[in-house]
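Shown next, in structure tokens, is the structure this report addresses.
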Amino acid sequence: MSEFSTDLTQMWFLFLLLAVFAGLFVVFPFIQKEKRLTVDHDANAERIDIFHQRLEELEDELSNQRIEKDSYNESVIELKRRLLNELSPEQSLTSRGDNRVLALTGIAFMVLVTGIFYYYTGSHRQISSWNEAIEKLPEYGERAVMQTGEPLNANELQAFALGLRTKLATAGDDAVAWMLLGRVAMSLSDFEMAMQAFDKALAMQPDNNNVLVNYSQALLIEGSEPSMNRAARMLSKVLNTDPTNIDAISLLALIAYERQDWKESKAAFEVLLSQLTKDDPRYEMIAGRIAEIEQKLGEQSEEPAAIKASITATVSIAGSLQDEIPADGTLFVFAKAAQGPAMPLAVAKITNFNLPMTVSLNDSMAMMPELTLSSFSQVTITARISNDGSVMPSDGELEGVSSIVTLKQGDNQVNVEISRVLTNTGK
């Protein structure tokens with residue numbers, strides 16, 4: 001706070017110094033006096049008398065025909081020019097003298113114009129708001145975190161974010177302040193700033209469950225598949241250390257719901273419901289969500305019995321990627337429903353392989369008994385060469401995906417070419 005006041009004092013001192021210099025430029029020309037010219041008026045009278053005397057002599061010479069008319073006219077003109085030059089100092093006998101009134105008028109005009117210009121174009125309102133945001137930072141923090149008093153409105157949230165950024169800029173990194181800034185940014189729908197703030201907080205406290213949960217929420221709002229994968233990993237990390245964390249369970253349930261993984265979503269919501277009392281306002285909402293999911297599962301069970309199907313996939317690799325195959329890579333070939341859960345329906349893991357090769361997939365290779373290859377009519381086949389032996393995607397891995405395959409009874413043939421390098425997987 002003292003540093004801010006010092007900076008503001010220095011700024012106003014500079015403004016005052018500039019105003020003094022400007023005033024000098026305006027006032028100095030007016031207060032400067034010109035030297036007064038003193039002229040001998042008797043000398044001027046004498047010069048005029050000489051002029052008239054010489055003019056009379058010329059007229060006599062003209063009347064006595066000692067000079068021509070043209071010479072007379074030229075001589076008269078020359079006499080007048082000479083007299084004019086000799087009397088010219090009288091024409092400069094003007095002086096502005098001491099123009100204090102004009103100087104004061106110039107100062108007043110300068111101050112008025114500067115004040116009006118600064119009022120309409122200056123940053124005094126922003127500076128005042130900035131000062132107020134810093135002064136009220138503790139109050140905003142209590143109302144936002146401790147939930148005391150009235151909730152912060154939109155303008156107060158903006159001021160709170162400004163105060164937090166100022167604190168972080170002047171006092172250095174603070175994981176709690178970065179997390180608060182991320183939460184305020186989410187309230188303001190500025191998700192880019194929120195994720196940047198959570199990144200800072202997570203770098204300082206990678207195991208802080210509050211940061212992980214809040215960051216996961218921002219990633220879910222962003223909504224891309226890599227963001228959802230990253231959020232799921234963060235929430236799993238939270239539940240490893242705090243298995244009853246309601247926020248983490250509810251967010252995992254939402255992830256499963258968005259992926260239409262009804263069984264996993266139902267299980268997560270049931271765990272969440274068991275943690276709540278019936279008078280909790282969230283109880284009825286979650287119970288309704290479970291009923292909705294049970295209806296969807298019932299609709300799936302009423303569908304015609306799935307055909308028994310298997311797939312023979314011929315896996316190849318693009319020539320441009322042939323040299324990119326890692327020496328200790330692992331080939332995963334798996335089927336996923338074209339419309340349905342994100343969990344694979346059948347998975348084959350091969351550690352020693354040479355491409356091209358054929359891989360068979362069938363119901364016995366399902367990860368869950370109720371999610372088999374024969375349970376769906378349309379699937380896609382993915383072939384991925386993993387660098388670390390994990391089925392989860394990572395940057396730099398090689399992958400190919402087939403077009404949609406409509407399953408028929410018996411064996412189905414499909415070709416899969418590995419043709420791309422994965423990037424931006426969220427890891």
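The values are calculated or read from the model by the stated rules, or taken from the named source; none is laboratory data. Being a predicted model, the structure only gives us computed values, none of them experimental. Cβ atoms come from the backbone with ideal geometry, glycine included; neighbour counts cover every protein chain shown. We work out accessible area using only protein heavy atoms, side chains counted, and drop any ligands, DNA or RNA first. Shrake-Rupley method; radii C 1.70, N 1.55, O 1.52, S 1.80 Å.
Being assigned to a helix (DSSP H, G or I), of a type in the set (S, T, N, Q) and within 29 Å of Asn362 (Cβ to Cβ) is the requirement here; does Ser265 meet it?
Considered against the rule, which asks whether it is assigned to a helix (DSSP H, G or I), of a type in the set (S, T, N, Q) and within 29 Å of Asn362 (Cβ to Cβ), Ser265 comes out as yes.
Among Pro226, Pro243, which is the only one that is open to solvent by 30 Å² or more (accessible area, probe 1.4 Å) and assigned to a loop (DSSP other than H, G, I, E, B)?
When all the criteria are applied, what remains is Pro243.
Please name all residue pairs, on different chains or six or more residues apart, with Cβ atoms under 6 Å, provided the first residue is in segment 368-381 and is assigned to a helix (DSSP H, G or I) and the second residue is of a type in the set (Val, Ile, Thr).
Ser374/Ile307
Collect the residues in segment 393-408 that are over 16 Å from Ser316 (Cβ atoms), polar (S, T, N, Q) and open to solvent by 30 Å² or more (accessible area, probe 1.4 Å), keeping them in residue-number order.
Once the filter is applied, which keeps residues that are over 16 Å from Ser316 (Cβ atoms), polar (S, T, N, Q) and open to solvent by 30 Å² or more (accessible area, probe 1.4 Å), segment 393-408 yields only Thr406.
Tell me, which residue of segment 254-293 that is open to solvent by 80 Å² or more (accessible area, probe 1.4 Å) and among the hydroxyl-bearing types (Ser, Thr, Tyr) is nearest to Ala232 (Cα to Cα)?
The residue in question is Ser274.
For Arg230, state whether it is under 20 Å from Asn214 (Cβ atoms) and touching a residue at least 12 places away in the same chain (Cβ under 8 Å).
yes
Filter segment 339-351 for residues that are open to solvent by 60 Å² or more (accessible area, probe 1.4 Å) and in a strand (DSSP E or B) and give the result.
Of everything in segment 339-351, just one residue is open to solvent by 60 Å² or more (accessible area, probe 1.4 Å) and in a strand (DSSP E or B), namely Lys349.
Filter segment 287-338 for residues that are in a loop (DSSP other than H, G, I, E, B), closer than 18 Å to Leu407 by Cα and at pLDDT 85 or above and give the result.
The one that is in a loop (DSSP other than H, G, I, E, B), closer than 18 Å to Leu407 by Cα and at pLDDT 85 or above: Ala338.
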